[in-house]
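J.: Provided herewith is a single structure, encoded as structure tokens, for subsequent inquiry.
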Amino acid sequence: MSAALHGLMAEFLDHEQLLAAARRAHAAGYRKMDAYAPFPIEGLADELGRQRPWIPFLVLIGGILGGAGGYLMQWFSMAVDYPLNIGGRPLHSWPAFIPITFELTVLGAAVFALVGMLALNRLPLPHHPVFNAAGFARASIDRFFLCIEAADPKFELAATRQFLETLDPVTVTEVENK
């Protein structure tokens, strides 16, 4: 494996070919690979061997922390830090705390979703080696790509190229690690 090589990329004409290629590559034992398409493809993440996403769990944690933080902030300010007895009402009046608690639950969940999505996708990513691959600009228009990375334990340049060529791609190109 060369340090200057990111991997091998196969180009396909339609999404069914990409889905079948990802299925066969995963079945052949390749695990470090990625697919690029101009639109989302149902089931592609499963075929690539992706695990269940962490975003729902992060959103739940953010919502719980936001709601608990909002409630505790109101309770502390109204009942502990600056208690005001107005009209004989209780200092800890939870029904009055519900609107702010709800709003901070939504805010916490949204912030955790945004930050979690950026972190898990390793964004912002101003440059990626596949951007230099010949014809890759068409990945946002009408072409579909499957890249098997050189970091994959099963990757051997000649064997991987031969495997990708059996998938009936338009082209198979080397992706330089620039």
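Values in this text are rule-based calculations from the coordinates and carry no lab data. In this text, all values refer to a predicted model and were calculated from it rather than measured experimentally. Note: ideal-geometry Cβ built from the backbone for every residue, glycine included; neighbour counts use all protein chains shown.
J.: Could you work out the helix-only [θ] at 222 nm for the chain, with each DSSP H run of four or more residues adding -39,500 (n - 2.57) and the total divided by the number of residues, to the nearest 500 deg cm²/dmol?
T.: Estimated from H runs of four or more residues: -13500 deg cm²/dmol.
J.: If you don't mind, another one. Assuming 0.36 nm per residue, please report the length gained on full extension of the stretch residue 157 to residue 128 beyond their Cα-Cα distance. Walk me through the numbers before you get to the answer.
T.: Working: separation 29, 0.36 × 29 = 10.44 nm, distance 2.02 nm.
Using 0.36 nm per residue and subtracting the Cα-Cα distance, I get 8.4 nm.
J.: Determine the sum of side-chain charges near residue 39: Lys and Arg each +1, Asp and Glu each -1, restricted to other residues whose C-beta is under 12 angstrom from that of residue 39.
T.: Computed value for this residue: -2.
J.: In whole percent, what relative contact order does segment 24-178 give with Cα contacts below 8 Å and a gap of six or more residues?
T.: 36
J.: In whole Å, how far is the Cα centre of segment 120-139 from that of segment 26-105?
T.: Computed from Cα coordinates, the inter-centre distance equals 30 Å.
J.: Please check the chain for the longest run free of GluC sites (Glu not before Pro) that are loop-located per DSSP (anything but H, G, I, E, B) and have at most 16 other Cβ atoms within 10 Å.
T.: Details: sites that count: 42, 156.
With GluC sites (Glu not before Pro) excluded where exposed in loops, the chain gives 43-155 as its longest stretch.
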